[in-house]
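Undergrad: The structure follows.
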Amino acid sequence: MDYLHGFLMDKFTERREVVGFRTSVIYQHAHNQVLEPLTP
């Protein structure tokens, strides 16, 4: 995450037309808590 923020800071702050930016990382982790029986 720090790498991504640093990269954006380096690239966007060089541009005069950019006055600010905000980053967000959104993810979802799905997990099935029910174990399925093993069939031989």
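The values are calculated or read from the model by the stated rules, or taken from the named source; none is laboratory data. Remember, predicted model here, so these are calculated numbers, not experimental data. Every residue, glycine among them, receives a Cβ derived from its backbone with ideal geometry; neighbour counts consider all protein chains shown.
Undergrad: Scan the range 6-16 for residues that are surrounded by 10 or more Cβ atoms within 10 Å (Cβ to Cβ) and not in a loop (DSSP other than H, G, I, E, B) and jot them down.
TA: Narrowing the range 6-16 to residues surrounded by 10 or more Cβ atoms within 10 Å (Cβ to Cβ): 6-9, 11-13.
Result: Gly6, Phe7, Leu8, Met9, Lys11, Phe12.
Undergrad: Taking Thr39 as the residue in question, decide whether it is surrounded by 10 or more Cβ atoms within 10 Å (Cβ to Cβ) and hydroxyl-bearing (Ser, Thr, Tyr).
TA: Considered against the rule, which asks whether it is surrounded by 10 or more Cβ atoms within 10 Å (Cβ to Cβ) and hydroxyl-bearing (Ser, Thr, Tyr), Thr39 comes out as no.
Undergrad: Out of Val19, Val25, I need the residue that is hydrophobic (A, V, I, L, M, F, W, C), assigned to a loop (DSSP other than H, G, I, E, B) and without any contact (Cβ under 8 Å) to a residue 24 or more places away in the chain. Which one?
TA: Step by step, each of Val19, Val25 is checked, and only Val19 is hydrophobic (A, V, I, L, M, F, W, C), assigned to a loop (DSSP other than H, G, I, E, B) and without any contact (Cβ under 8 Å) to a residue 24 or more places away in the chain.
Undergrad: Could you list all residues from the range 19-29 that are modelled with pLDDT under 80 and of a type in the set (A, V, I, L, M)?
TA: Result: Val25, Ile26.
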